[in-house]
1. Quick one: if you take sqrt(5λ) for each eigenvalue of the C-alpha gyration tensor of the stretch 48-88, what semi-axes come out, biggest first, whole angstrom?
2. Order 62-72, 48-58 from most to least packed using the mean count of other Cβ atoms within 10 Å.
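Bear in mind that the values in this text are calculations on the coordinates, not laboratory data. Because the structure is a prediction, the values reported are computed rather than measured. No Cβ is skipped: glycine too gets one built from the backbone with ideal geometry, and neighbour counts run over all protein chains shown.
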């Protein structure tokens, strides 16, 4: 039988494994968001994206209206706002 009162060896300390921290992209500069100092290519991409958004929202509002959805008015309002923003 083992001696219960015998000294026990000290536990070996365990160091946690290093954890990789995910890299987060920095937010875009305010100048790029406002359009100041952007390249022609970037402006064309922004225009294309805005146009696509208008088309998508207009289609969605039309689709919801054809289905009699209660969300039609809200989606149409979003489409109208996107179209007004695109026209500026």
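1. Equivalent-ellipsoid dimensions as semi-axes: 20, 10, 5 Å.
2. Answer by packing, highest mean first, reads 48-58, 62-72.
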